[in-house]
Amino acid sequence: MNRLLITIAAIMAVCMAACDDGGETSPVISMTTITPSVTGKFYELPDGYDVVDSARFTIKDIASSVETTYDIDTMSALVIEYGLYDISLIVYASRVIGDNASVQQVLRDVKSGVNISGGQFELSLSPKAVIAGDGFLLAEVCLAPQLAEGVKTDAYSSWFRIVNSSADTLLADGLCIVQTKFATTIKYEYTPDIMADAVAVDAVYRIPDLGLKVAPGGYLLIADQAIDHQEANALSFDLSAADLEWFDETDKNLDIDNPDVPNLERIFCTSKTVWVPNSQANKGFGLAYISTDTADFVANYMYDYSWTYVANEVEKVMSGSCYMIPNDWIVDFITFSPSDQHVWTLTDPSVDAGYVSIGKTGADKDRLGKAARRKVENGKFVDTNDSSNDFEVAEADPEHVFF
């Protein structure tokens, strides 16, 4: 695929206006000029695309959350202050299929946490076609309930609601729920970088072979513990009618199993005891199919990575291991991130280009009882592979009626 190539050259703009009373000078403001590559273009279309309907270049200042969008085809240069930015490219292009038929396709790339701090370097963006799913989608995700007065914790009340958005009856057997290993609030340069091809995960749970069919427009409710949590916490949820639950066997019997509700199959989890989905809402969750048998996955899809940890001027090379899910195995994805603590996204933009915030921080009590709920427009679920666009924050309701 051809690459968008941008040359970023640093310049210094120094304001030296003296004040009348003391001769003080204003602070030095460091600026950067973003210009096209030597070809004179900000991007090249991939093979097969020959007409650009529109193209947008968006830069978001992470510190201030100020987001500015530009018409890239009419822009010759851009001057911005030094800082940390999310940079994205959206291209609406047309391609010809068959003899004469022309279709429009969205192409996108995103770079998160780009440090603009001077010098001269090249930023390469690789816009890829965005293909919306036509099958199982995450309809609503709740990571933690509200707590009634006197209740200190309710850790096992999270749930996922999945919808069959297609026009066909689908078999749910083999569908997995996965959780990202990394968090959107802490960024390191992990080596090797697999993001273009796969997602690093620390939990993989699969629907076993049950012959579980879901009709068009039908839902599956998958709960941590399929019990009535309102008995212990009046502000929680009655999940006893869930279609599925995940159950982790432990030596001290820390989990609760509802014998009337089928259990997900635990393929992998870094937790030595019970998996509790990340309640700080700073990770991503996906639906995926493992396109191989379990033994092959466990043997060949381990991700061994390293990064450099820096603290108090001391650098130390760290290492870790988890599993990876190839991007083309992923059916749907949602990324959560606290609005005041977001540092980077965790997936290739073709998987998910944004994030949804149910709280300002991971400890924000306002996030409790909130859910990310998929938007509906014109009688259809919104699915653009961009959590920022596809989901809204709502009071969690495992029985919400979408239509």
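No lab work stands behind these numbers, since they all come straight from the coordinates. The model shown is predicted, which means the values in this text are computed figures rather than measured ones. Because the Cβ atoms are built from the backbone with ideal geometry, glycine has one as well, and the counts that use them run over all protein chains shown.
Taken one residue at a time, the phi angles of segment 276-289 give Karplus couplings (6.51, -1.76, 1.60, θ = phi - 60°) of 10, x, 3, 7, 6, 6, 10, 10, x, 9, x, 9, 8, 10 Hz. Gly and Pro are set to x. The length gained by stretching the chain between D251 and T191 to full extension, at 0.36 nm per residue less their Cα-Cα distance, is 18.1 nm.
Direction-averaged projected area, Cα convex hull, segment 136-395: 15.3 nm², rounded to one decimal. Distant-in-sequence amide contacts of Y82, defined by a placed amide H-H separation under 5 Å and a gap of 5 or more residues or a different chain, comprise S30, M31, T32. Between N389 and T292, the distance separating the two model label sites (each 7 Å from Cα on the Cα→Cβ line) works out to 3.3 nm. Among residues other than S387 with Cβ under 14 Å from its Cβ, the summed charge is -4 (Lys and Arg +1, Asp and Glu -1). Among the chymotrypsin sites (Phe, Trp or Tyr not before Pro) found in segment 173-228, those both in a DSSP coil and sparsely packed, with 15 or fewer other Cβ atoms within 10 Å of their Cβ, are Y188. Across segment 225-239, coupling constants 3J(HN,Hα) worked out from phi with the 6.51/-1.76/1.60 Karplus curve, θ = phi - 60°, read 10, 7, 9, 7, 6, 5, 5, 9, 9, 4, 9, 8, 10, 8, 10 Hz, and Gly and Pro carry x.
Can you give me the Cα centroid spacing of segment 271-306 and segment 149-171 in angstrom? Computed from Cα coordinates, the inter-centre distance equals 18 Å. Each 10 Å bin from zero up to the one holding the largest Cα-Cα distance in segment 126-196 carries the following percent of pairs: 12, 28, 33, 21, 6, 0. The residue list F268, F247, A232 was ranked by how far each Cα lies along the charge dipole of segment 223-275 toward its positive end, using unit charges on Cβ atoms, and F268 comes out on top. Using the Cβ of L254 as centre and a radius below 13 Å, the other residues enclosed give a net charge of -4, where K and R count +1 and D and E count -1.
Count Lys and Arg as plus one, Asp and Glu as minus one, and take only other residues whose Cβ is under 13 Å from that of N115; the net charge is then -2. Is segment 251-403 best put as rounded, prolate or oblate by its Cα gyration tensor, with a ≥ b ≥ c the root eigenvalues, rounded for a/c under 1.5, and otherwise prolate when a/b is larger than b/c, oblate when not? In terms of gyration-tensor shape, rounded.
Considering only DSSP states other than H, G, I, E and B, which GluC sites (Glu not before Pro) in segment 320-403 qualify as loop sites with at most 15 other Cβ atoms within 10 Å?
Sparse-neighbourhood loop GluC sites (Glu not before Pro): E399.
Label sites at T169 and S339, each approximated as a point 7 angstrom past Cα along Cα to Cβ, lie 4.4 nm apart. Rg and Dmax over the alpha-carbon atoms of segment 314-393 stand at 15.3, 56 Å. Stretching S65 away from E149 to a fully extended chain increases their span by 26.8 nm, per 0.36 nm per residue minus the current alpha-carbon distance.
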